[in-house]
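A.B. asks: Attaching a single structure in structure tokens format; questions to follow.
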Amino acid sequence: RLVHLDLKGAAPRAQYLERVLPLLRSLGATGLLLEYEDTFPYTGPLERLQAPHAYSPAELRALLSRARAQGLDVVPLLPFPLQFVLKHREFAHLREVKALPNALNPHKEESLALVKAMIDQVMALHEDLQWFHIGCDEVYYLGEGEESKQWLQQQDNTPEKLCLSHIKAVATCLASSYPRVTPIVWDDMLRGMSEETLAESGVPQLVQPMIWDYAADIDVEGKVQLVEKYRRCGFSKVWFASAFKGATGVNQPLTPIGHHLRNQLQWLQVAGRSPADVLQGIALTGWQRYDHFSVLCELLPVAIPSLAVCLQALKNGGYSEKVKENVENLLGMSNLEIDTFMSTSLGTFPGSNILTLVTQVSFYLKSSVDELLERNRYVTGWFSPYHRKRKIVHPIIMHHFQPDAVSLLSKWNAVVQDLQAAMEQVFHRCAIEEWMEENVHPSLQKLQQVVDDLDEA
């Protein structure tokens, strides 16, 4: 049971992750799937890939050592295709389609040299790895570059074969230098391919596919058949991938636990109907962005109750009152809500104060400001945009809503200050700025502006 940490947005400080590891272990995790992206401490020609908040080699070594001490396997994930690499001018010449940083040109020798250099640097910081996830999902636009178009004009060449040869090249690159490490790939590019095409490619002997589906109502029968198909093609083992967050809305601030619990329960059904010797494990994905360029979705501390419920359901083979009690005890929460969003009661798990404050902001900030500015008759009738622009206000009317506006502003400023302080314990400034600009500033600035306009009028 791997917990996926998507570090391509709001990457938590290393100290916070170290505090979370014992909790993950006690909840039933047996490993971590670490998607570093631009938080890995690349060196040499690759140093350009590091984000300003990337982990230092010392931080990563300490984190990995702590994970090992907790008995957690670590599986690094390098997300080929490499949006976070191909967005840089220095690597733009390796794009499949010149204008788009979506896919690596598979025909250039330099592309494979880049892949090898990245794998080597990641491997150098990890000890005793059993698996290495090489991504290979959603490789859109592969086959649309000029060299690929020429390749596809040759007899018997197809987009499917191009995709498989690319996966094979990356997997071989890993296997040739690190024969004891098994590559894992996302399975979405493989699902629609015929058994014959897959079997002939040689890919099944090189990688283990990870079948992903994050829906609350997955097609159980279809998944069972897919497992059988992969087995017939020659894949020795398969993985499943569920989700505990980051799969229900591109800018979702709160995690709908019920959705993710139902997703795990469906995967348990698939597992129950699949041969026991073919299933290697499951990764509980926790996406932080839908891709490298999208906004943040639920922050990790906000989603810990969902992760706890999902891990415990998988560990216990289902969800029951007893499992609910386990989760409440481990998180220090008194009333775990599954089908409604959490009340603002505090837990004792690391970052629980962030969940409380984010819940408050998500439920009440926008609605309270809209209530005052759009549904208060004194504001809409006597202090409309027309009045505000001309700085006109009747003194008596002011008394009907100015105290409310000032009091509301003061209340939200205090909450936001608390949230900022809580987030600083867990995140770097760039993540806090982004989250505040997306979720807080639009409403708070509207409120501040009306208070300022009143003062001027």
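A.B. asks: Please give the length that would be gained between HIS394 and TYR16 if that part of the chain were fully extended, namely 0.36 nm times their separation in residues minus their C-alpha to C-alpha distance (nm, one decimal).
C.D. replies: Working it through step by step, the gained length comes to 130.8 nm.
A.B. asks: On to the next question. Angle, helix 321-331 long axis vs. longest principal axis of the chain, Cα atoms, 0 to 90°, nearest 10?
C.D. replies: The angle comes out at about 70 degrees.
A.B. asks: Could you grab the relative contact order for the stretch 335-457? Cα pairs under 8 Å, six or more apart, rounded to a whole percent.
C.D. replies: 32
A.B. asks: Given points 7 Å out from each Cα along the Cα-Cβ axis, report the ASP277 to TYR178 separation in nanometres with one decimal.
C.D. replies: It is 2.8 nm.
A.B. asks: Between LYS229 and ASP455, 0.36 nm times their residue separation minus their Cα-Cα distance comes to what?
C.D. replies: 74.3 nm
A.B. asks: Let me ask something additional. How far is helix 441-456 tilted off the main Cα axis of the chain, in degrees rounded to 10, range 0 to 90?
C.D. replies: With both axes taken from Cα atoms, the answer is about 20 degrees.
A.B. asks: Using the structure shown, select from LYS8/LYS315; LYS237/LYS324; LYS8/LYS98; LYS161/LYS229 the pairs with a Cα to Cα distance greater than 20 angstrom.
C.D. replies: The pairs that break the limit, which is 20 Å between Cα atoms, are LYS8/LYS315; LYS237/LYS324; LYS8/LYS98.
A.B. asks: Considering only protein heavy atoms, what is the solvent-accessible area of TYR364 at a probe of 1.4 Å, reported in Å² to the nearest 10?
C.D. replies: 120
A.B. asks: For GLY135, enumerate residues with amide H under 5 Å from its amide H, sequence gap 5+ or separate chain, H modeled in the peptide plane.
C.D. replies: Amide H neighbours of GLY135, under 5 Å, 5+ apart: LEU78, PHE80, TRP186.
A.B. asks: What net charge do the residues around LEU78 carry, taking every other residue with its C-beta under 14 Å from that of LEU78, with Lys and Arg at +1 and Asp and Glu at -1?
C.D. replies: So the surrounding residues net to -4.
A.B. asks: Follow-up. Expressed as a fraction of 2.2 N^0.38 Å, the rule-of-thumb size for a compact globular protein of N residues, what is the C-alpha radius of gyration of the stretch 352-456?
C.D. replies: Normalised Cα radius of gyration, the stretch 352-456: 1.20.
A.B. asks: Whose amide H sits under 5 Å from the amide H of LEU104, counting only residues 5 or more places off or on another chain, with H placed in the peptide plane?
C.D. replies: Amide H neighbours of LEU104: LEU82, GLU96.
A.B. asks: Still on this structure, please answer the following. Over the stretch 352-456, with the other protein chains present, what is the accessible area per residue in square angstrom, probe 1.4 angstrom?
C.D. replies: For the stretch 352-456, the per-residue accessible area is 55 Å².
A.B. asks: At 0.36 nm per residue, minus the direct Cα-Cα distance, what do TYR141 and ARG429 gain on full extension? Give it in nm, one decimal, please.
C.D. replies: Between TYR141 and ARG429, full extension yields 100.2 nm more.
A.B. asks: Two-decimal Rg/Rh of the chain from alpha-carbon positions, Kirkwood Rh?
C.D. replies: For the chain, the value is 1.04.
A.B. asks: Further question: Tell me, what is the 1.4 Å probe accessible area of VAL122, in Å² to the nearest 10?
C.D. replies: Here the accessible area works out near 0 Å².
A.B. asks: Measure nothing but the geometry: give the 0 to 90° angle between the long axis through the Cα atoms of 395-424 and the longest principal axis through the Cα atoms of the chain, rounded to 10°.
C.D. replies: With both axes taken from Cα atoms, the answer is about 30 degrees.
A.B. asks: Let me ask something else about it. Given a Förster distance of 56 angstrom, what is the FRET efficiency for GLU195 paired with SER410, based on the Cβ-Cβ distance and rounded to 0.05?
C.D. replies: It comes to 0.25.
A.B. asks: Let me ask something else. Suppose we take every Cα in the stretch 302-369 and form the convex hull; what volume per residue is that in Å³?
C.D. replies: 79
A.B. asks: Something else now. Local charge sum around ARG89 (other residues, Cβ-Cβ under 13 Å, Lys/Arg +1, Asp/Glu -1)?
C.D. replies: My count for the surroundings of ARG89 gives +3.
A.B. asks: Could you compute the FRET efficiency for HIS93 and GLU437, with r as their C-beta to C-beta distance and R0 at 35 Å, rounded to 0.05?
C.D. replies: Once the sixth-power term is evaluated, E becomes 0.60.
A.B. asks: For GLU196, tell me the accessible area in Å² from a 1.4 Å probe, rounded to the nearest 10.
C.D. replies: Its heavy atoms expose roughly 120 Å² to the probe.
The values are calculated or read from the model by the stated rules, or taken from the named source; none is laboratory data. Being a predicted model, the structure only gives us computed values, none of them experimental. Ideal geometry is used to build each Cβ from the backbone, glycine not excepted, and the neighbour counts take in all protein chains shown. For the accessible areas, the whole protein counts, side chains as well, though only heavy atoms, and no ligand, DNA or RNA atoms are used. Shrake-Rupley method; radii C 1.70, N 1.55, O 1.52, S 1.80 Å.
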